[in-house]
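Notes for the one structure printed next.
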Amino acid sequence: MKGAVFVWGLGLSLAGAAAGAQTPPVAQTESLPAPPPDDASERAVLDEASAALVADRPREAQRRLDAALTARRLSRDGNTGLATLARLSDQLLARDAAAPAREANPRSALGAVTLYGSLVGYGLGTGVFADLRLGITDLRAAAWLPLVGAGAGLAGALLLDRPHPVSPSLTASLNTGLVLGTLAGGGLALQLQRHVDGFDTADAATAVWAGATVGLGLGVGLHAALHPSPGSASFVQSGGAWGGALGLLTGLALQRDAHLGLALGVGELLGAGAAAFATHALRPTPGRVHWMDLGALGGALVGTAISLLLLYEADQRPAALATVELCTLGGGVAGYLFGARREPPSHDREARGGPSPAFGLSGLRW
């Protein structure tokens, strides 16, 4: 009997000890630190994603939200804040992807004038070239070929512009190729005229026309390969044109009159190349390029006025031309900066960090 009571009491003691081990005292439970909540990290992700969406960087927001959803094993179709913002970023990316398709054809009136004017001018120049090559000297007879060429250029522009208007990118590429090709042909003609005997006006016209034709073809080819933005193509055109002008002034300042054509061509090549590589950092737009051209023209006029007033009587040709060059460069930089400040960032997708075409294989933004 005593053994049974002893076994019974030992069992109760063990049961009580086990219960005490499984249920800690109240004081001990209150002293344990609470597990850190995950709300702080989720709030940080939401704040960062929201800031990226406000700054119009939906792809960055999508990456942050996808990483957070994956780490928490949450679905994008859920009702959490992370899932809601993830779906919103998807919608914004879809909108940006569809934007080029909706805005492929809209263009300004200046863009239309540029397209028609470029092709009409090319046709007119082709007629003048044909007159000179054929040796037509009669004024009435000579007028027909340029008129026919201008009409052919207008008809070509109308056919090219139907049924859908030519995109601003193609218009800018055509004009850029035509302008730079014409300048290159003019530089070649000027150089050959100084060094080749019997190089007459007809030969010079042939060089200019050939340069314009090759430039026009290169403009179309570069557009098909690189799809440059209108601002980038215009920026390269202005860089090449002003580079050629500065190269010509440099040749005159150094009194290299026998190599003015070479100076023009080298300046054009350097100016166009520098502009092409600068597009990645500057993200030019047509408006900024117009202000840059206006500033460069104003600077050239100011430099010319200073040279005529202060240096003409002293006959300091290098100093006078250097003054014109410096004023032209300063005016162009000031005009670009002024245009960038006047242009609202919301009207410029490239300035806002939006998607823009890549520049060939080098990864530069064209």
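The values are calculated or read from the model by the stated rules, or taken from the named source; none is laboratory data. Remember, predicted model here, so these are calculated numbers, not experimental data. When we count neighbours, we look across all protein chains shown, and the Cβ atoms used for this are built from the backbone with ideal geometry, even at glycine.
Which residues, counting only those in region 264-297, are over 19 Å from Glu343 (Cβ atoms) and without any contact (Cβ under 8 Å) to a residue 40 or more places away in the chain? Of everything in region 264-297, those that are over 19 Å from Glu343 (Cβ atoms) and without any contact (Cβ under 8 Å) to a residue 40 or more places away in the chain turn out to be Val266, Gly267, Leu269, Leu270, Gly271, Gly273, Ala274, Leu297.
Only one of the numbered conditions (1) surrounded by fewer than 22 Cβ atoms within 10 Å (Cβ to Cβ); (2) within 14 Å of Gly117 (Cα to Cα); (3) over 21 Å from the mean Cα position of the chain (by Cα) is violated by Gly153, and that is (1). Checked against (1) hydrophobic (A, V, I, L, M, F, W, C); (2) loosely packed, with under 15 Cβ neighbours inside 10 Å; (3) at pLDDT below 85; (4) more than 20 Å from Ala233 (Cα to Cα), Leu311 passes all but a single condition, namely (2). Total residues in region 239-255 satisfying the condition of being free of Cβ contacts under 8 Å to residues at least 40 places away in the same chain and closer than 20 Å to Thr304 by Cα: the figure is 4.
Taking the numbered list (1) aliphatic (A, V, I, L, M); (2) outside any helix (DSSP H, G or I); (3) in contact with a Ser or Thr (Cβ under 9 Å, 6 or more places away or on another chain) in turn, Ala172 passes all entries but (2). Of all the listed residues (Val236, Val179, Val166), the sole one being of a type in the set (A, V, I, L, M), more than 20 Å from Ala278 (Cβ to Cβ) and in contact with a Gly (Cβ under 9 Å, 6 or more places away or on another chain) is Val166.
Is it the case that some residue within region 127-148 is more than 25 Å from the chain's Cα centre (by Cα), modelled with pLDDT under 85 and hydroxyl-bearing (Ser, Thr, Tyr)? The answer is yes; a qualifying residue exists. Going through (1) in contact with a helix residue (DSSP H, G or I) (Cβ under 9 Å, 6 or more places away or on another chain); (2) at pLDDT below 85; (3) in a helix (DSSP H, G or I) one by one, Leu321 falls short only on (2). Within region 257-279, the residues that satisfy the criterion of being surrounded by fewer than 22 Cβ atoms within 10 Å (Cβ to Cβ) and farther than 21 Å from Gly177 by Cβ are Asp257, Ala258, His259, Leu260, Leu262.
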